[in-house]
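Okay, structure first, notes after.
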Amino acid sequence: MSEQQARFCRESLVVKTSRVFPMDTNNHDTLFGGKLMSYIDDVASISAARHGRFETVTASTDSVDFLRPIGQQHSVCLESYVTWAGTSSMEVFVKVISEELRTGKRELAATAFLTFVALDDDGKPVRVPRVVPETEEEFMLHASGEERAIERKARKKRSQSLAKKIGIQKPWE
């Protein structure tokens, strides 16, 4: 594949549906947030790998917004795809849909943006294909992708600065 070859968002689409079982819930009888975050990282990593056909690593979970609880007796459906690409990084959008299995009522339960970096066989960042949106949703997310990338870089610099200030303390000292 040419490094410059573009890919449609749909080429990186991943859909995963799971039933919410009691062991997946918290003390509120809703899907444990950490479990949902694991699902989100899982599908997003597959989308990133599909986009570039390279190994990828999670560079950041940029945002996870929990919009409504997902209860027991529900299913949870995650849809993810690459929305924007930089040089070696890719932004992946994840949409989480909750469904009451008895009624069929479906609601948007969460959204997330994650960033992945593509790596070559030596573990070095490698150029990724640009993204080609087709749907209204894809165009909207793609158009604002560069702005989110700028925000991510600024947030990372603030995190690096904070890390230098706080360092690592040994708990026994």
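None of the figures in this text is laboratory data; all of them are computed from the coordinates on show. This structure is a prediction, so every number in the text was calculated from the model and none was measured. Note that we place each Cβ from the backbone using ideal geometry, even for glycine, and neighbour counts take in every protein chain shown.
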**Prompt:** Within segment 7-165, what percent of beta bridges assigned by DSSP are antiparallel, to the nearest 5?
**Reply:** 95 percent
**Fully extended contour minus Cα-Cα distance, from Leu162 to Ser144, at 0.36 nm per residue** = 3.8 nm
**Prompt:** Within segment 86-148, which trypsin sites (Lys or Arg not before Pro) sit in a loop by DSSP and count at most 16 neighbouring Cβ atoms inside 10 Å?
**Reply:** Arg102, Lys105, Arg127, Arg130
**Message:** Using the Karplus curve 6.51 cos²θ - 1.76 cosθ + 1.60 with θ = phi - 60°, what ³J(HN,Hα) values do you get for each residue of segment 6-21, in whole Hz, with x for Gly and Pro?
**Reply:** 8, 10, 6, 3, 4, 5, 9, 5, 10, 10, 9, 10, 9, 7, 8, 9
**Request:** Within 10 Å of each residue's Cβ, count the other Cβ atoms and sort Cys77, Cys9 from fewest upward.
**Result:** Cys77, Cys9
**Asked** Among Ser159, Ser12, which comes first, second and so on when ranked by fewest other beta-carbon atoms within 10 Å?
**Response** Ser159, Ser12
**Complete:** Computed about the Cα centre, the charge dipole of segment 17-120 from +1 Lys/Arg and -1 Asp/Glu charges at the Cβ has a magnitude in debye, to the nearest 20, of 320 debye
**Message:** If you filter segment 1-63 for GluC sites (Glu not before Pro), then keep DSSP loop positions with at most 11 other Cβ within 10 Å, what is left?
**Reply:** Glu3
**Request:** Return the lysines within reach of Lys157: Cα separation strictly under 19 angstrom, same-chain partners fewer than 8 residues apart disregarded; answer none if there are no such residues.
**Result:** Lys165
**Asked** Order of Met23, Met90, Met37, Met140 from fewest to most other C-beta atoms within 10 Å?
**Response** Met23, Met140, Met37, Met90
**Fill in**
Ordered by number, the GluC sites (Glu not before Pro) in segment 122-166 that occupy a DSSP loop and have at most 15 other Cβ atoms within 10 Å are Glu134
**Asked** What residue among Thr61, Thr135, Thr83 shows peak mean-square fluctuation when the chain is described by a Gaussian network model with Cα springs under 10 Å?
**Response** Thr135
**Asked** If you plug each phi of segment 83-88 into the Karplus form 6.51 cos²θ - 1.76 cosθ + 1.60 with θ = phi - 60°, what whole-Hz ³J(HN,Hα) values come out, in order, with x for Gly and Pro?
**Response** 9, 7, 9, x, 6, 10
**Request:** Would you mind working out the magnitude of the charge dipole of segment 88-165 relative to its Cα centre, with +1 at each Lys and Arg C-beta and -1 at each Asp and Glu C-beta, to the nearest 20 Debye?
**Result:** 740 debye
**Message:** For a quick check: with amide H placed at 1.01 Å from N, whose amide H comes under 5 Å from Trp84's, ignoring anything fewer than 5 positions away on the same chain?
**Reply:** Glu91
**Message:** Can you work out the Karplus-derived ³J(HN,Hα) for every residue in segment 57-68? Use 6.51 cos²θ - 1.76 cosθ + 1.60 with θ = phi - 60°, whole Hz, and x for glycine or proline.
**Reply:** 10, 6, 8, 6, 9, 6, 6, 9, 10, 7, 8, 7
